[in-house]
Amino acid sequence: MTGIQCYSFLIFFVSLISTLLIRSIFFNKPNNPTAGLHLPPTPPALPIIGHLHLLTPSLYKSFHRLSTKYGPLLYLRIGASRCLLVSSASVAAEIFKTHDLAFASRPIFAFADKLLYGTSGFITAPYGDYWRFMKKLCVTQLLGTPQVERSRAVRREEIERLLRRVLERKDGVVDVGAELMRYTNNVTCRMVMSSRCSEEEGEAERIRELVKESFELAAKMCFGDVLGPLKKLGFWVYGKQAMDVTRRYDELLEKVLKEHEERGNRGDWGEREDKDLMDLLLEVCQDEQAEVRITGTHVKAFFTDLFIAGTDTSAEAMQWAIAELINHPCVFRKVREEIESVVGKARLVEESDIPNLPYLQAVVKETLRLYPPGPVTTRECRQSCKINGFDIPEKTAVAINLYAIMRDKDSWDDPDKFLPERFLVSFKDQEKLDQYQGEVSGQKFNFVPFGAGRRGCPGTTLAFSLMNTAVASLVQCFDWVVDGDGGKVDMQSGQGMSLRMVHPLIARPVVHFTPFAASA
């Protein structure tokens, strides 16, 4: 940020605080909707801005520090917004299970209705007929086990492409995160739009850039919700940029949508076996007997959500896994030995091998525990209720800090250490077995990398398939060498909505096994 930008921001901030202060002094205050309620504990706050000064761009870390100091259930005032902060498995169970229906909606951005798709998206849709219909569709068709199985060949081809790109690097170094981002994006594009569409005119690359911009913009746009009566300032500052990003999504998706509609008009959708996700949704659009009628806008909004929620986050999680394996060579060797004992040394590991690779799965779960793709998930209270004896008013926003829950010392031994063995227990110890199964299924809510309850991520099965197979392939085929700093990866996490690495993982791959030897 330049000196002029800093000065301009300072003038803006001082003016904003002055305006809010004058308003609070000279205008009548509305009735306090929380008067007389027994609210959860709240840390000391400042006038007007509340607890805003306690937060940093690494929101999950700020929340973690607050919960460590003041407790697992807090009532925060962030400017004009009110927020319930949840930071333990026991309290999360109240949200995800006991009162799941009461917290089945998500808060809406201050000016979400101004954007191109408005509130037609699935992720932020309020709880109701449309959301329930789309969730059912995701679970049974779009992202359920049958569709994941049908798209297995796509992921296999993209894994091979990833490995070939690494093998062909002429400069000897690889930006692991960038390659994994390319892999996840290509898989998503092909599952959504088919292979023909994903590579025409650089669509995959355009989507990668749009996803990156979307995350950066979302982090900036959040500040509009804390400004209360001045929240339109956020739209004045970032509205044009947000409209531009959604317009570019729309141009790309509209083109693909028309291609699929034309392809569907040339034949019977119902008789084809190679249907991608857009084909499936267009069938629903054409179905006059569907429980809820959806439009092309709903289809485009859904796929925008899918790209934003599933592409970058999965790639980041895989990058953390490779980084931890580089920093823990003993664990790396155990994963490779397990793969070779199951697969042998003559072929590439496949998705069908994963159930027979429990240590690999433990590594992936431990990575997700330490580095959840979405470190904070949100809900909104649809109806007043009580949590742990405290009153929670209707319309209260809820931030559930998955990062803190999965590093809670009350739930995990040595919570900040990378210990995949914690997910491997002796099956002779029934008590430990029950605990293990509870952690993996999410019923104890201390292992919730993708959230839980009604609003839990419907793409969990696909995410595990992507992660397990990619990590296994990169371990089976390469040793990874990091220059400098004792050969260790810098594990510092950065700012933003997702849990990113501050420094890209740049490593030199040393070939251990190549499945393409015959064609080399």
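The values are calculated or read from the model by the stated rules, or taken from the named source; none is laboratory data. Model, not experiment: these values are computed from the prediction. Don't worry about glycine lacking a Cβ; one is built from the backbone with ideal geometry, like all the others, and counts go over all protein chains shown.
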Give the residue that is surrounded by the most Cβ atoms within 10 Å (Cβ to Cβ), with candidates limited to residues of segment 461-489 that are in contact with a strand residue (DSSP E or B) (Cβ under 7 Å, 6 or more places away or on another chain) and of a type in the set (A, V, I, L, M). 482
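Identify all residues within segment 476-498 that are within 20 Å of residue 316 (Cβ to Cβ) and modelled with pLDDT of 85 or more; write none if there are none.
So the first thing to find is which residues in segment 476-498 are within 20 Å of residue 316 (Cβ to Cβ), and the list is 478, 480, 482, 488-498.
Of everything in segment 476-498, those that are within 20 Å of residue 316 (Cβ to Cβ) and modelled with pLDDT of 85 or more turn out to be 478, 480, 482, 488, 489, 490, 491, 492, 493.
Taking the options 421, 431, name whichever one is surrounded by fewer than 17 Cβ atoms within 10 Å (Cβ to Cβ), more than 30 Å from residue 211 (Cα to Cα) and at pLDDT 95 or above.
Details: 431 fails: at pLDDT 95 or above.
Just a single option satisfies the conditions, and that option is 421.
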Just need a number here: residues in segment 442-483 that are in contact with a His (Cβ under 8 Å, 6 or more places away or on another chain) and in a helix (DSSP H, G or I). 2
Using beta carbons and a limit of 9 Å, which pairs, at least six apart or on different chains, have the first residue in segment 79-101 and surrounded by fewer than 20 Cβ atoms within 10 Å (Cβ to Cβ) and the second one in a strand (DSSP E or B) and of a type in the set (Ser, Thr, Tyr)? 82/75
Which one of the conditions (1) surrounded by 20 or more Cβ atoms within 10 Å (Cβ to Cβ); (2) of a type in the set (D, E, K, R); (3) modelled with pLDDT of 80 or more does residue 225 fail to meet, given that it meets all the rest? (3)
Taking residue 378, is it closer than 29 Å to residue 216 by Cβ, in a helix (DSSP H, G or I) and touching a residue at least 60 places away in the same chain (Cβ under 8 Å)? no
Determine if segment 484-504 includes at least one residue that is touching a Lys or Arg at 6+ places or on another chain (Cβ under 8 Å) and either more than 30 Å from residue 145 (Cβ to Cβ) or in a helix (DSSP H, G or I) (or both). yes
Could you pull out the residue among 392, 387, 400 that is in the same structural domain as residue 104 (by TED's automatic domain parsing) and in contact with a Cys (Cβ under 6 Å, 6 or more places away or on another chain)? 392
Segment 339-360 - residue that is part of a helix (DSSP H, G or I) and crowded, with 20+ Cβ neighbours inside 10 Å and, of those, farthest from the chain's Cα centre (by Cα): 339
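Does segment 463-472 contain any residue that is modelled with pLDDT under 90, within 25 Å of residue 377 (Cα to Cα) and not acidic (Asp, Glu)?
The first filter runs over segment 463-472 and keeps only residues modelled with pLDDT under 90, leaving none.
Taking every residue of segment 463-472 in turn, none turns out to be modelled with pLDDT under 90, within 25 Å of residue 377 (Cα to Cα) and not acidic (Asp, Glu).
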